[in-house]
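Since the structure comes first, as structure tokens, the remarks are kept for the end.
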Amino acid sequence: MAGAAHCSLQAKRLLLDPKFEGYKLSLEPLACYQLGLDAAVAEVKLRDDQYTLDHMRAFGMYNYLHLDSWYQDNVYYVDQFGRVMNLSVTLDSALQKPREVFRLPTDLTAYDDRLCASIHFSSSTWVTLSDGTGRLYLIKSGKRGNSASEKWEIVFNEELGSPFIIAHSVCFVKSNVHSVAVLLLRVEKDELDTKGSGFHITLEWLTIGEISKEGDHRYEIFKRRVLQGKSVPHYAAIEPSGDGLMIVSYKPFKFMHDEEDKVEENDDAKTTTEKKDPLYYWQQTDDDVTITVHIPQDITKDDIKVCFSPDHICVTLKDQPPLMEGKLYSSVDHESCTWIIREDKSLEISLIKKNEGSRWPELILGDTRGEFIMDPSQCSEIAESLMHLTSEVMNPNPEKENPPCNAQELEECDAFLEDSASLCRFDGDTLKVTHVIHLGSNQYLFSVVVDPREMPCFCLRHDVDALLWQPHSDQPENMWEHVATFNALGYVQASKQDKKFMACAPDYSYAALCECLRRIFIYRQPTPLSTVLYNRKEGRQVGQVAKQLVTTLEANDPILGFQATSERLFVLTTKTLFLIKVNSGN
């Protein structure tokens, strides 16, 4: 990531509420409607050879319900017959059955190694669709959502290798050519990875463009670029202009270049990883430090100059730049320090410590060119001093006042392992990282499309809150804007052990999460009260309150899909589609 601008996320103080008092559980009933499905959802369970955490994240936790953000309250799913089914809601009390809008030409049951079918809505009239077998469809849909002009027509259909799911897609016009950029996600076997999981993640970035030849209009692949990493990205999206890519991931991604670039990369790697011989070796006792430096054969005593001061050393040979120079870790008795040339043509320097008994972790501050050699007696002495910290027996001498740490008592929020996650912006032309943000403890929570013409927003945990960020690829000075805050949601979601999906309304009015089975939790933003409410402890009037609502679905099947709109939640199980009315329409 050399050359990349290291950035930070700037939260807007006006969107933070340091006096937030928590959510009040509301028993207010929510209207819940359910629609039985004609055919079960085309769920694809993980195979025995898909056993890693990355397989679970990419495919096992896949959201089978797809929200069309270009049209209000419009959702899609694929059933076991390969039919793309749509539900468009205008009135909850007059729900229509899901209707078929497209049928995949492939017989999905004939493929043993397929993944789940995936859909992404690139624009208001274009759709990208994968059948899970490795085939990509580019579809011109016309206006969608119960519209008379809706007709899904395949304009591009190609086998692209091993199975994948569609992570993201966008439509744009460049040089008067209509193009669609698609991001394909694969988890592939890595024969070279003997120490890790044995798999790597690839993101293939395709650009498909329209070609006109003698009046014949067709779409072909213009560009194929591949990124590779070692963890499934939390977030991966192409910029609306098709010029760049943003990825949030635990482990970094790199573009896989052609063979010539690979050779150069390998050469660079060799030069950086080849271990150089140390410039000097040093040992220490409680009283002194001994340094040994190998010198050329033609160097004599008169060519060597060693200068000592209370906290500094400088060694030069002939008229060359200093061989060793810098501030010592601790003070020395510089008048007692000496040096000699040994028979093996090495320079031996003796430093007398001013503070006897102290151990030096380094010789010259910041100098990594030397190697410390520890005396065997010192090794055993250190090992003995550390013996009380280790044992073959779990807690051999328990003290009632100081019980051992029990990992089972830790909350999930204490065990956030992915503290090295980063957000990277890649340039589509140079294939280099241009911006990077190290997220540290800002745990990724979910993504949501607020404006379909912009990139999806992503939600990160900041302390106890959850902050929503909108990427602006066309604004280098404000590339990530803090647009909303869900108070205490970062803390609240950490306590939900069985959570499967999280979402929020595009108008930020509420956030929601669902468990694997039945239960849905809804967290409304603080709203003004219609009646007077007092805080008894502080004796003051409360102006607004944030509500938590809980609803339980009448279903025994696991939840497979979860989407939120400004008015309602859509929840998909194997055989049923539920609608939960959260907000009333204007």
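With respect to the numbered conditions (1) open to solvent by 50 Å² or more (accessible area, probe 1.4 Å); (2) closer than 30 Å to S473 by Cα; (3) part of a loop (DSSP other than H, G, I, E, B), which one is the sole condition not fulfilled by A11?
Answer for A11: the failing condition is (1).
Would you mention how many residues in the range 195-226 are of a type in the set (A, V, I, L, M, F, W, C) and either on the phi > 0 side of the Ramachandran plot or touching a Pro at 6+ places or on another chain (Cβ under 9 Å) (or both)?
First pass over the range 195-226, keeping only residues of a type in the set (A, V, I, L, M, F, W, C): 199, 201, 203, 205-206, 208, 211, 221-222, 226.
So of that shortlist, the ones also either on the phi > 0 side of the Ramachandran plot or touching a Pro at 6+ places or on another chain (Cβ under 9 Å) (or both) come out as 201, 203.
Number of matching residues: 2.
When both residues are 6+ apart or on different chains and their Cβ atoms are under 9 Å apart, which pairs have a first residue that lies in the range 551-562 and is in contact (Cβ under 8 Å) with a residue 40 or more places away in the chain and not assigned by the TED database to the domain that holds L65, and a second that is in a strand (DSSP E or B) and acidic (D, E)?
none
Between S197, S175, which is more than 30 Å from R99 (Cα to Cα) and exposed (fewer than 15 other Cβ atoms within 10 Å of the Cβ)? Working first, answer last.
On the way: S197 fails: exposed (fewer than 15 other Cβ atoms within 10 Å of the Cβ).
Criteria check complete, one pass: S175.
Any chance the range 468-484 includes a residue that's in contact with a Leu (Cβ under 9 Å, 6 or more places away or on another chain), modelled with pLDDT under 95 and among the β-branched types (V, I, T)?
Among the residues of the range 468-484, not one is in contact with a Leu (Cβ under 9 Å, 6 or more places away or on another chain), modelled with pLDDT under 95 and among the β-branched types (V, I, T), which makes the answer no.
Kindly check whether there is at least one residue in the range 55-66 that is closer than 27 Å to A488 by Cβ, out of contact with any strand residue (DSSP E or B) (no Cβ under 6 Å at 6 or more places or on another chain) and without any contact (Cβ under 8 Å) to a residue 24 or more places away in the chain.
For the range 55-66, residues closer than 27 Å to A488 by Cβ, out of contact with any strand residue (DSSP E or B) (no Cβ under 6 Å at 6 or more places or on another chain) and without any contact (Cβ under 8 Å) to a residue 24 or more places away in the chain: absent.
Taking the conditions exactly as written (open to solvent by less than 10 Å² (accessible area, probe 1.4 Å) and either closer than 22 Å to F521 by Cα or of a type in the set (A, V, I, L, M, F, W, C) (or both)), does M455 satisfy them or not? Working first, answer last.
On the way: open to solvent by less than 10 Å² (accessible area, probe 1.4 Å): yes; either closer than 22 Å to F521 by Cα or of a type in the set (A, V, I, L, M, F, W, C) (or both): yes.
So M455 fits the description; yes.
Looking at D190, is it among the acidic types (D, E), in the same structural domain as V127 (by the TED database) and free of Cβ contacts under 8 Å to residues at least 24 places away in the same chain?
Considered against the rule, which asks whether it is among the acidic types (D, E), in the same structural domain as V127 (by the TED database) and free of Cβ contacts under 8 Å to residues at least 24 places away in the same chain, D190 comes out as yes.
For the range 68-88, state whether one or more residues are more than 29 Å from H178 (Cα to Cα), in a loop (DSSP other than H, G, I, E, B), in contact with a strand residue (DSSP E or B) (Cβ under 8 Å, 6 or more places away or on another chain) and modelled with pLDDT under 95.
Yes, the conditions are met somewhere in the range 68-88.
Residue pairs, Cβ under 7 Å, 6 or more apart or interchain, first in the range 79-100 and assigned by the TED database to the domain that holds E43, second open to solvent by 100 Å² or more (accessible area, probe 1.4 Å) and not in a helix (DSSP H, G or I). List them.
Between residues of the range 79-100 that are assigned by the TED database to the domain that holds E43 and residues that are open to solvent by 100 Å² or more (accessible area, probe 1.4 Å) and not in a helix (DSSP H, G or I), the close pairs are G82/R103; R83/R103.
Considering only residues that are farther than 20 Å from H438 by Cα and aliphatic (A, V, I, L, M), look in the range 208-237 and name the one that is farthest from the chain's Cα centre (by Cα).
Looking only at the range 208-237, we keep the residues that are farther than 20 Å from H438 by Cα, and these are 208-226.
Next cut, aliphatic (A, V, I, L, M) only: 208, 211, 221, 226.
On the way: I208: 27, I211: 36, I221: 28, V226: 18 Å.
The residue in question is I211.
Checking the structure you have, find out if any residue of the range 106-116 is free of Cβ contacts under 8 Å to residues at least 60 places away in the same chain, open to solvent by 20 Å² or more (accessible area, probe 1.4 Å) and among the hydrophobic types (A, V, I, L, M, F, W, C).
Yes, there is a match, as at least one residue in the range 106-116 is free of Cβ contacts under 8 Å to residues at least 60 places away in the same chain, open to solvent by 20 Å² or more (accessible area, probe 1.4 Å) and among the hydrophobic types (A, V, I, L, M, F, W, C).
Can you tell me which of R218, R225, R144 is of a type in the set (D, E, K, R) and within 17 Å of H120 (Cβ to Cβ)?
R144
List every residue pair whose Cβ atoms lie under 7 Å apart, where the two residues are 6 or more positions apart in sequence or sit on different chains, the first residue falls within the range 131-158 and is open to solvent by less than 10 Å² (accessible area, probe 1.4 Å), and the second residue, located anywhere, is among the small types (G, A, S).
That search, which allows pairs on different chains as well, returns D131/A117; G132/A117; G134/G161; G134/S162; L136/S130.
Looking at (1) at pLDDT below 90; (2) open to solvent by less than 20 Å² (accessible area, probe 1.4 Å); (3) touching a strand residue (DSSP E or B) at 6+ places or on another chain (Cβ under 8 Å), which is the one condition that is false for L95?
L95 satisfies all of (1) at pLDDT below 90; (2) open to solvent by less than 20 Å² (accessible area, probe 1.4 Å); (3) touching a strand residue (DSSP E or B) at 6+ places or on another chain (Cβ under 8 Å) except (2).
Looking at the range 427-441, which of its residues are touching a Lys or Arg at 6+ places or on another chain (Cβ under 6 Å) and either buried (at least 18 other Cβ atoms within 10 Å of the Cβ) or assigned to a loop (DSSP other than H, G, I, E, B) (or both)? Outline the logic, then answer.
If we filter the range 427-441 for residues that are touching a Lys or Arg at 6+ places or on another chain (Cβ under 6 Å), which is where we start, we get 434-435.
Of everything in the range 427-441, just one residue is touching a Lys or Arg at 6+ places or on another chain (Cβ under 6 Å) and either buried (at least 18 other Cβ atoms within 10 Å of the Cβ) or assigned to a loop (DSSP other than H, G, I, E, B) (or both), namely H435.
If we scan the range 75-83, do we find a residue that is farther than 20 Å from R103 by Cβ and not β-branched (V, I, T)? Spell out the reasoning first.
The first filter runs over the range 75-83 and keeps only residues farther than 20 Å from R103 by Cβ, leaving none.
The answer is no; no qualifying residue exists.
Condition test on G60, is it over 18 Å from Y219 (Cβ atoms), modelled with pLDDT under 95 and open to solvent by less than 20 Å² (accessible area, probe 1.4 Å)?
On the way: over 18 Å from Y219 (Cβ atoms): yes; modelled with pLDDT under 95: yes; open to solvent by less than 20 Å² (accessible area, probe 1.4 Å): no.
When the stated conditions are applied, G60 does not pass them.
From the list S447, S441, which one is of a type outside the set (A, V, I, L, M, F, W, C) and free of Cβ contacts under 8 Å to residues at least 40 places away in the same chain? Steps first, answer last, please.
Details: S447 fails: free of Cβ contacts under 8 Å to residues at least 40 places away in the same chain.
Residue meeting the stated conditions: S441.
List pairs: first in the range 17-28 and within 14 Å of Y523 (Cβ to Cβ), second open to solvent by 50 Å² or more (accessible area, probe 1.4 Å) and of a type outside the set (D, E, K, R), Cβ under 8 Å, 6+ apart or cross-chain?
Final answer for the pair search is L25/V550.
Conditions tested, residue by residue: (1) outside the structural domain of T285 (by the TED database); (2) over 13 Å from D288 (Cα atoms); (3) out of contact with any Phe, Trp or Tyr (no Cβ under 7 Å at 6 or more places or on another chain); (4) surrounded by 17 or more Cβ atoms within 10 Å (Cβ to Cβ).
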residue: D311; (1), (2), (3), (4): no, yes, yes, no
residue: T316; (1), (2), (3), (4): no, yes, yes, no
residue: D319; (1), (2), (3), (4): no, yes, yes, no
residue: L323; (1), (2), (3), (4): no, yes, yes, yes
residue: E335; (1), (2), (3), (4): no, yes, yes, no
residue: I349; (1), (2), (3), (4): no, no, no, yes
residue: S358; (1), (2), (3), (4): no, no, yes, no
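In this structure, is T527 more than 16 Å from the chain's Cα centre (by Cα), within 24 Å of L30 (Cβ to Cβ) and crowded, with 18+ Cβ neighbours inside 10 Å? Walk me through how you get there before you give the answer.
Values: more than 16 Å from the chain's Cα centre (by Cα): yes; within 24 Å of L30 (Cβ to Cβ): yes; crowded, with 18+ Cβ neighbours inside 10 Å: no.
Spelling it out, it is not the case that T527 is more than 16 Å from the chain's Cα centre (by Cα), within 24 Å of L30 (Cβ to Cβ) and crowded, with 18+ Cβ neighbours inside 10 Å.
Looking at (1) under 30 Å from D48 (Cβ atoms); (2) in contact with a Leu (Cβ under 6 Å, 6 or more places away or on another chain); (3) aliphatic (A, V, I, L, M); (4) open to solvent by 20 Å² or more (accessible area, probe 1.4 Å), find the lone condition where I165 falls short.
(4)
The values are calculated or read from the model by the stated rules, or taken from the named source; none is laboratory data. Not measured: the values here are computed from a predicted model. Neighbour counts are summed over all protein chains in view; Cβ atoms, including those assigned to glycine, are modelled from backbone coordinates with ideal geometry. We work out accessible area using only protein heavy atoms, side chains counted, and drop any ligands, DNA or RNA first. Shrake-Rupley method; radii C 1.70, N 1.55, O 1.52, S 1.80 Å.
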